[in-house]
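What follows is a set of notes on a single structure, which appears directly below.
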Amino acid sequence: MKHFRILTAWICLLALVAALFSGCAGAGIPQDEETSLNPNSETEEPTGDEDSGEETDSETESVSEVETEEPDPVQTPVWNPERLLNRPIPDYCTQAENQALYDTGIRSSGNSLPEVHGRYLQIIDQDLNPADGPSDTDAEYSVRVYEIKTGEEVGTLSGRFFRLMGGLDSGGIWWVALDGSLNLCDLSGTVTVTLELGDLTEAIRSYQYAFFDVTSDGNFCVAHVSGDNFVTVFDLRNGERTEVVLDPADSLSILSDKSKLVLGSWPEVTYVFDPDTVSFRKLDYPCWELIWTDGNHVLLNHNMHAVFYQPDGTVTDTQIRCYPTAFQDGILFADTWENERTIYRFFDLTQGVCLGGLEFSELVNPVPFFSSEGDMVFCLYQPGDDHRTFSEILYYLVDLSALSGGYSCETVSYQEGRLNELIDARINELTLKTGIQIRYGSEGNDFQITSYIGRAALSEIDNYNAVKAVAEVLERYPDGMLQEAAESYKGILIYLCSGLYGMGEGSISTAGGVTSEEDGYIIIALDISSPSQDHFLNDIPHELSHVFDRKIRSVRPDYDDEWADLSPSGAYTYSYSNYGDNLLYTPYDSSYGVWFVDGYSRTFPTEDRARIMENLFNTSEENADKSIFAENQNIKEKAIQYCSILRECFSSCDSEDLLPWEIGLAQLGYQP
């Protein structure tokens, strides 16, 4: 059972060609007299580029090349949310405190999560993880099998397994024994298949297999050994072995879905197993993390968005910042976040609406499963102290019709390769309102801004979501303020990048944003590679604070010296080197009072103001009493001073009763 062991999440980089950088290539952007940057990182160490063969023997029956033809035309998937929404709850279940949950009365404990296969719930109570690393010992297993419709325990399967184990839609199981054989048994415990794995035995014994799985119907076993450029397929009905060559075949991972096996390889290859021809068909969908597929349609998790690909080239992004985990009949189950809380929500993608959500204690983790008959089973568990064992695990059926309503599920659909048209339209609209222009990348068109290299952002959907998020932040500024900030320049250009890396002495390893000047323009480079767009609420106010500083200095040339007088003498280091060690005068070392948000604030006065502006933008009426301004009077006084100078230097600000960054301070007694 894939949840009985550690799952390897299979990832493939989603790289879609976007519009060309406009005026972004060149010899580089010369360094300004003062360059401002934003680390947007809790760590000081460079993060780098994180995602960061064996000969076959005589057992090989045949070698088959991967098929690369276009998928056959298929109809739009027959989604029927009503099948799930109107699913009756079986009589054996009792309603829980939450009106949408029904307790099955089934319990388990141990360190292994259950799975749903077909119409069965399979539970194992013993430890399914033998000693870590290579081992020559096997372990006992005992699997209880329940029919979801009746709640009846229809079988208990027990024996000994060596390394791998999984469930079948028939209610039976498969496992690899100590002798290296693959075995399948039915609900009665009768072994129906025993297959010698030959040269794969040693790879399994030494943990050299990249993946190993059995299709849910029990007809095929597919395995890949690390370093091999082929996948081994066993037909469990007749024992025939086939080696299917895939290119590339490194970093392959696997998902079983109703007798389908889908393989993804680095960087952007997706294969679907065709059991009729014992071959793999290449799809045109790049992959990130697969959530669901029927062999032609693909639902992915891409940068915390659910993205749906159809064979006709239509791509739909749900525009939900979420972690999708399950999908069936048009209903998506996903983890979402709201005010630092996790809410587990259900979305009807056929209607573009949220059906509602469930919220649990922070100590409880839910795992969803859909049965083949349409039942949704919720497993709730609480990790133990060693993170490998669980306290009692509860199983619930979900009544989707009883969910309370939620918010709308915004979606964007487009033909693959044409999302740039929507991006450009949104940018043009934003430029008309704010005067700010946005550039996004083309392959190979990396650029340099001061001592930082910006990598081109190639993903269409990442660029679309970034432009949307940037626009939402920029539109919070008073009308005319951004134009005022650019009065002495040709304009403000924002460059969207997939990573900003420090290359020169004095630079930090990675930055969330960098601000400088070139050819009369103010340049702001923003890293959009983070899975969440929440960081824009920090990065944009931070970088625009540096832009505003230019306006302030033109009105008050000595303002940096005035600002330095608000803090202890010698508090600023005037260097980005080892800024994480600047703990004195921060909440992390308050021996002599707290005057700065963190060590980065102590590098330069402009960074101090930028950090304060970040926190002001994120301080609301609701959280003001818990903000850094409520807890530290010195920082609050500097924030008030900063708000005052902005009003003095920007006429667009002075005409407003309360500015967006003043809302939280107003709750703490501030009056403009």
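Assorted remarks:
- Computed extension gain for Glu648 through Val364, at 0.36 nm per residue and net of the alpha carbon distance, reaches 97.2 nm.
- Eigenvalues of the alpha-carbon gyration tensor of the range 524-596, scaled by 5 and square-rooted, set the equivalent ellipsoid semi-axes at 25, 21, 11 angstrom, largest first.
- As computed over the range 390-479, the Cα convex hull volume per residue (Å³): 275 Å³
- Label point at Glu410 placed 7 Å out along Cα→Cβ; residues across the range 319-363 whose backbone nitrogen lies under 12 Å: 319-321
- Scoring 593-600, 114-121 by mean Cβ neighbours within 10 Å over their residues and listing the highest first yields 114-121, 593-600.
- Efficiency of FRET from Cβ geometry, Leu668 and Ala425, R₀ 45 Å, rounded to 0.05: 0.65
- Extended-chain gain in nm, criterion 0.36 nm per residue less alpha-carbon gap, Glu140 and Tyr574: 149.9 nm
- Length added when fully stretched, Gln99-Tyr489, from 0.36 nm per residue minus Cα-Cα: 134.4 nm
- Using the Cβ-Cβ distance between Trp337 and Leu178 with R0 = 56 Å, the FRET efficiency computed as 1/(1 + (r/R0)^6) comes to roughly 0.80.
- Out-of-range pairs (alpha-carbon distance over 24 Å; input Lys468/Lys636; Lys433/Lys551; Lys490/Lys551; Lys433/Lys468; Lys468/Lys626): Lys468/Lys636; Lys468/Lys626
- Heavy-atom accessible area per residue - the range 411-508, 1.4 Å, Å²: 40 Å²
- Most to least accessible of Arg426, Arg418, Arg455, Arg609 (protein chains only, probe 1.4 Å): Arg418, Arg455, Arg426, Arg609
- For the range 406-483, the share of accessible area belonging to carbon and sulfur comes to 44 percent (1.4 Å probe, ligands and nucleic acids excluded).
- Order of exposure, largest accessible area first, which applies to Tyr396, Tyr642 with probe 1.4 Å: Tyr396, Tyr642
- Highest mean first, the peptides 190-202, 86-98 sorted by other C-beta atoms within 10 Å per residue fall in the order 190-202, 86-98.
- The portion of the accessible surface of the range 522-570 made up by carbon and sulfur, rounded to a whole percent, is 47 (1.4 Å probe; DNA, RNA and ligands excluded).
The values are calculated or read from the model by the stated rules, or taken from the named source; none is laboratory data. Bear in mind the structure is a predicted one, so any value in this text is a computation, not a measurement. FYI the Cβ positions are ideal-geometry reconstructions off the backbone, even for glycines, and counts take in every protein chain you see. The accessibility values were calculated without ligands, DNA or RNA, using every heavy atom of the protein model including side chains. Shrake-Rupley method; radii C 1.70, N 1.55, O 1.52, S 1.80 Å.
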